[in-house]
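Visitor: My questions all concern the structure below.
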Amino acid sequence: MAYTTFTKEQVDLLQRNPYTLSASNTQLRFTLAFKEKFMSLLLAGKSLRGIFSELGYDPDMLGHDRMCNISGRIQREAKSAAGLHEGNKKRFKQPSDDTYENMPPDQAMARMQHEMLYMRQELEFIKKILKADKSD
């Protein structure tokens, strides 16, 4: 089901909100401050309509489905290893040909962890393929 798009006037209104990182006729991105306040209000037991209203957004303009999806996305982001951040996605860069010795220790550790998680996913996928082949 597709979202309703925002009109030019609605985009202008959304962009004036200090918690809006960017807004277009189809997308709305939030600042880190919005996400932190959103999570604190959600944990305090406020309703989604109440949270969006308190933070300066019109719940009727956003719609129930969009508010639920925003809420779910922010909650998943908060639970992730990367934590809350500005915008929608924080993408990892592919490891370059640089060796880990040439990187700052924290960056090298983050890349190694990312690479290890990726390898674990690959291994689990291979196991599932092998298990499916044996069951045939």
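The values are calculated or read from the model by the stated rules, or taken from the named source; none is laboratory data. Quick caveat: nothing in here was measured; it's all calculated off a predicted structure. Note: ideal-geometry Cβ built from the backbone for every residue, glycine included; neighbour counts use all protein chains shown.
Visitor: So for region 23-42 (the condition being surrounded by fewer than 17 Cβ atoms within 10 Å (Cβ to Cβ), of a type in the set (A, V, I, L, M), in contact with a strand residue (DSSP E or B) (Cβ under 9 Å, 6 or more places away or on another chain) and closer than 17 Å to residue 73 by Cα), does at least one residue qualify?
Guide: Yes, because at least one residue in region 23-42 is surrounded by fewer than 17 Cβ atoms within 10 Å (Cβ to Cβ), of a type in the set (A, V, I, L, M), in contact with a strand residue (DSSP E or B) (Cβ under 9 Å, 6 or more places away or on another chain) and closer than 17 Å to residue 73 by Cα.
Visitor: Here's another thing I want to ask about it. Would you call residue 118 aromatic (Phe, Trp, Tyr), surrounded by 11 or more Cβ atoms within 10 Å (Cβ to Cβ) and part of a loop (DSSP other than H, G, I, E, B)?
Guide: The answer is no for residue 118.
Visitor: Still on this structure, I have one more. Restricting to region 21-37, count the residues that are under 15 Å from residue 71 (Cα atoms) and either in contact (Cβ under 8 Å) with a residue 60 or more places away in the chain or not basic (Lys, Arg) (or both).
Guide: 8
Visitor: Of the numbered conditions (1) modelled with pLDDT of 90 or more; (2) farther than 30 Å from residue 31 by Cβ, residue 70 fails exactly one; give the number of that condition.
Guide: Exception for residue 70: condition (2).
Visitor: Considering only residues that are among the charged types (D, E, K, R) and not in a loop (DSSP other than H, G, I, E, B), which ones fall in region 1-47?
Guide: Listed by number, the residues that qualify are 8, 9, 12, 16, 29, 35, 36, 37.
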